Amino acid sequence: MTGWTLLIHGGCGAMRPETVSAETEERARAGLNAALDAGAAVLARGGDSLGAVEAAARVLEDDPAFNAGRGSVLTAQGRVELDAAIMDGRDRRAGAVAGMTNTRNPIRAARAAMERTPHVLLTYDQADAFAREQALEQVANDWFVIPERRAQLEKVLAAGGKFDTDIKYGTIGAVAVDAHGHVAAATSTGGLTAKRWGRIGDSPLIGAGTYADDRACAVSATGLGEAFIRAVGAHQLAMRMLIGGEVLQDALDAVLADVGSLGGSGGLIAVAPDGEAAWGFTTPGMYRGLARADARSVKIYGEER
Ligand code: ASP
């Protein structure tokens, strides 16, 4: 193994060429390219996959075009609650945060939780308090809110809390394998529009929306979190390879089918230590990108295979 591979997603949903404005499409493609640039720069200089997925995720968190960090969707109470996780395939160390309300880059807090505490998952105000202690930038909750998300919340609440068919799962994620064959995964999200009661999705739950294991692959999910939690989607994918001997793409497709059988649509990205990369989704589109030393692609629609 000498090369490196980085895959990212910016969520999946009902995106079709005829329904996405040229401006939205351009913003999304620019954002995905900027995230690939950030992650690829780490890998190209011999950095590890952990640093690459964190760098790519930070760029997407800061980009209001995606549902993570600034630009996240709103809870039923009209505020932003952020979830994120990161995992290192070398030793399966993991860190995660959920329900954060004031930390600019939850993925940084997740990494700090992994590296500087004996714990895996920190939640709500104590997660923000920990991030503050770690000198991670704090912002007012309003800083995360953009007008489009308020309008989206009002629409969903007017429909009785039900999503319409235009739903877009805008979670962001990155998976990478570095030149040493080590994999890592990162996922960050605002969750689902109009989520209630301190709801936590699949993204910060290790094995559900995020997983990395050098013996199999690194995985990041987007979609209906409840279904990914019940399917233990990311871990299931890795175990299909490790125990079941399935190849990456088959394992990924089987997990999406399983999530589908539980009533959930969504998407997955995954890379294996040998550099094999796969993605798939059961929605019309998924914001996604791939970078290698000699290749780069950014795609949105299902038709762009
Ligand atoms: N999976 C995320 C969640 O349920 C949502 C998304 O993918 O946008 O929190």
| remark: Here the range 27-42 yields Karplus 3J(HN,Hα) values (6.51, -1.76, 1.60; θ = phi - 60°; whole Hz; Gly and Pro given as x) of 4, 5, 5, 5, x, 5, 5, 5, 5, 5, 4, 5, x, 5, 4, 5
| said: Taking a virtual spin label 7 Å from the Cα of ILE243 along the C-beta vector, which residues in the range 254-278 bring their backbone nitrogen under 15 Å of it? | reply: 255
| the chain: relative contact order as a whole-number percent, Cα under 8 Å and 6+ apart | 25
| Roughly speaking, what is the centre-to-centre gap between the range 280-299 and the range 109-163 when only Cα atoms are used, to the nearest Å? | 26
| note | Everything considered on the Cα gyration tensor (a ≥ b ≥ c; rounded for a/c under 1.5, else prolate if a/b is larger than b/c, else oblate), the chain must be described as rounded
| query | What's the longest piece of the chain with no exposed GluC sites (Glu not before Pro), counting a site as exposed if DSSP puts it in a loop and it has at most 13 other beta carbons within 10 Å? | reply | 138-302
| field | Derived scalar couplings ³J(HN,Hα) [the range 240-246; Karplus, 6.51 cos²θ - 1.76 cosθ + 1.60; whole Hz; x for Gly, Pro] | value | 4, 6, 5, 9, x, x, 6
| query | Computed on alpha carbon atoms, what radius of gyration and Dmax characterise the range 43-186, expressed in Å? | reply | 16.0, 51
| note | Taking placed amide H atoms and a strict 5 Å upper bound, the residues 5 or more places from ALA184 or on another chain that come that close are GLY89, ALA176
| note | Projecting the Cα atoms of ALA98, MET114, ALA291 onto the charge dipole of the chain, where Lys and Arg contribute +1 and Asp and Glu -1 at Cβ, the residue farthest towards the positive end is ALA98
| note | In the chain the accessible area split gives carbon plus sulfur, as whole percent at 1.4 Å, a share of 51
| said: With just the Cα atoms defining each centre, how far is the range 238-267 from the range 43-67? Give it in Å. | reply: 25
| Which value in deg cm²/dmol, rounded to the nearest 500, describes the helix-derived mean residue ellipticity at 222 nm for the chain, given -39,500 (n - 2.57) per DSSP H run of n ≥ 4 and division by the residue count? | -10500 deg cm²/dmol
| said: Could you compute the net charge surrounding PRO17? Neighbours are other residues with a C-beta less than 10 Å from the C-beta of PRO17; K and R count +1, D and E count -1. | reply: -3
| Table column - 3J(HN,Hα) (Hz), the range 212-218, Karplus curve with 6.51, -1.76, 1.60, x for Gly and Pro | 8, 8, 4, 7, 9, 5, 10
| task | Only Lys, Arg, Asp and Glu count, each charged at its Cβ (+1, +1, -1, -1), so figure out the dipole size of the chain about its Cα centre, rounded to 20 debye. | result | 420
| Where trypsin sites (Lys or Arg not before Pro) fall in DSSP loop in the range 1-69, at most 11 other Cβ within 10 Å | ARG45
| Per residue, how much accessible area does the chain have with a 1.4 Å probe, in Å²? | 38
| Estimated D of the range 52-92 in µm² per second, where Rh is the Kirkwood radius over Cα pairs and Stokes-Einstein applies at 10 °C, 1.306 mPa s | 138
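The values are calculated or read from the model by the stated rules, or taken from the named source; none is laboratory data. Predicted model only: the values in this text are computed from it and were never measured. Positions of Cβ are backbone-derived with ideal geometry, glycine not excepted, and every protein chain shown enters the neighbour counts. Side chains are part of the model used for accessible areas, which takes the heavy atoms of the whole protein and leaves out ligands, DNA and RNA. Shrake-Rupley method; radii C 1.70, N 1.55, O 1.52, S 1.80 Å.
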